[in-house]
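Right, one structure below, let's go through it.
Here, each number is a calculation from the coordinates, and none is a lab measurement. As the structure is a computational prediction, the values presented were derived from the model and not from experiment. A quick note on method: Cβ atoms are made from the backbone with ideal geometry, for glycine too, and the neighbour counts reach across all protein chains shown.
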Amino acid sequence: MSLAVSTTLDHAYARDLPELVVPWTAEPAPDPRIVVHNETLGLGGDLDLFTGKVPDTVAMVYAGHQFGGYSPRLGDGRALLLGELPDGRDLHLKGSGRTPFARGGDGKAPLGPMLREYVVSEGMHALGIPTTRALAVVRTGERIVRERGYEPGAILTRVAASHIRVGTFQYAAATGDVDLLRRLADHSIARHHPESADYLAFYRAVIDAQAALVARWMLVGFVHGVLNTDNTTISGETIDYGPCAFLDAYDPATTFSSIDQGGRYAYGNQPGILQWNLARFGEALLPLVAEDQDEAIEQATGAVRGFAERYSVYFRAGLRAKLGLAEVPDELLHELLALLAEAKPDLTGFFRELAEHARGGPAPLADDWFARWRALDPDPAAMDRVNPVYIPRNHLVEEALDGAVAGDLAPLHALVDVLRNPYEVRPNLERYALPGPGGGFVTFCGT
């Protein structure tokens, strides 16, 4: 099926907020070929769509704090918004060439990282974690230079609730145009949080969505890797799968990204970093929260301080479910996290073994914690419904990407098929449930 882009795509964001976009066209792809087309999304498409040969494409502008440092003008340096689908979701390209926001980059994307986004976002979707998804990945027919030498170029077509970010609000606020800021907030409220009665309620809704999101990341051991404010969405979706990876051994200090030298975005830091990002969002919203600045600061500060409690509610509820219990003493939860940090087991395998222990099997580790937990009568069947067998294991993702870049797509398709049904043990898939060899795994964002 081919998507009739001229009649199907709307351009509401560009129409409502022309100050936040620049009309731009994709660079021509010399020899485009579709590598994957995600038909589970129920959307068609063709090479013209997947390479940006459609009218009215725009590059979105935003600001952002990157690794703590503020950049007043970032924007889509290698991406274009194609428009909105009939259900309101964005259709967006990544790797389509330089834009006015490229900041010295080539505007291109390597095939491997674009396929990584496809594989990992499909895995996240199957785990029930809000996420953008990949509709297609296309080889462009050119080779580009990256950290590891020449790599085949590619363009990703991404579907998202929207691409409105904390950084979008930071940019709008920095212009000093309160009308623009208000129109951006009104657009975002109508699109993502229509229940919000005012701008403070909108702020609280975004805080809640992000608290729920990061709790889900933490429960499955997902490490985003580049949690800048321009990668923090207003919708509460996971976005930008550049240097992401998953824990094998549990360790809050784990980082994988080649550019996170100081561990700012380590696994255990993610909730605190998102609260910091949301504080920056609150600063941008101050002119809308209250006319008096002191009052606005007081209200916004109170709202963002509530992030920790909201996160704790979501995380503890998720951890109780992973333990097969409706109620668990907080002391037992804290002891479990301390035990995991000390023993550093494979996080995914630990909870599946724990369900078998509830059925009478051996305990995953030697500690009296397990006897106290079993005395609470956990439900192993309920545990199996929320504790995955299969996640996007780093070594398996790399194996699939290496094969695909070399021209063999079979490992990639096999892995995605496994990840789309993460909770059910299936025969002959044992290797997909095992942790990797460990040590020295590094991811690259592909810019």
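Size descriptors for segment 366-413 (Cα atoms only): Rg and Dmax, in that order, 18.6, 53 Å. Note on segment 5-160: Cα-only Rg and Dmax are 15.2, 42 Å. With R₀ fixed at 41 Å, the C-beta to C-beta distance from GLU335 to ASP408 puts the FRET efficiency at about 0.35.
Under the simplified labelling scheme, the VAL442-ARG420 pair shows an inter-label distance of 3.5 nm, with each label point 7 Å from Cα along Cα→Cβ.
Taking N as the residue count of the chain, its C-alpha radius of gyration divided by 2.2 N^0.38 Å amounts to 0.99.
Where only DSSP H runs of four or more residues are counted, the chain gives -12500 deg cm²/dmol as its mean residue ellipticity at 222 nm, each run worth -39500 (n - 2.57). Projecting the Cα positions of PHE202, VAL178, GLY436 onto the charge dipole of the chain (unit charges on Cβ atoms of Lys, Arg, Asp and Glu, taken about the Cα centre) puts GLY436 furthest along the positive direction.
In this structure the amide hydrogen of LEU82, modeled in the peptide plane, comes within under 5 Å of the amide hydrogens of LEU91, HIS92, LEU93, none closer than 5 places in sequence on its chain. Per-residue packing, averaged as other Cβ atoms within 10 Å, sorts the ranges 364-371, 350-357, 203-210 into the order 203-210, 350-357, 364-371, beginning with the highest.
Residues of segment 310-341 with the amide nitrogen closer than 12 Å to a label point 7 Å from the Cα of ASP379, along Cα-to-Cβ, please. Under cut-off, by backbone N: 321-327. Under 5 Å between amide hydrogens, built in the peptide plane, is the criterion, and for THR131 it picks out THR238 among residues at least 5 positions away or on other chains. Remark: the chain carries a charge dipole of roughly 780 debye about the Cα centre, counting +1 on each Lys and Arg Cβ and -1 on each Asp and Glu Cβ.
In this label model, GLU195 and ALA371 are separated by 4.5 nm, measuring between points 7 Å along each Cα→Cβ vector.
Computed from the C-beta positions of GLU342 and HIS395 and an R0 of 25 Å, the FRET efficiency is 0.55 to the nearest 0.05. Peptides 120-126, 425-431 ranked from most to least packed by the mean count of surrounding Cβ atoms within 10 Å: 120-126, 425-431. Between GLU291 and ASP10, the FRET efficiency from the beta-carbon distance, with R0 = 45 Å, is close to 0.85. Cα centroid separation, segment 275-329 to segment 331-376: 30 Å.
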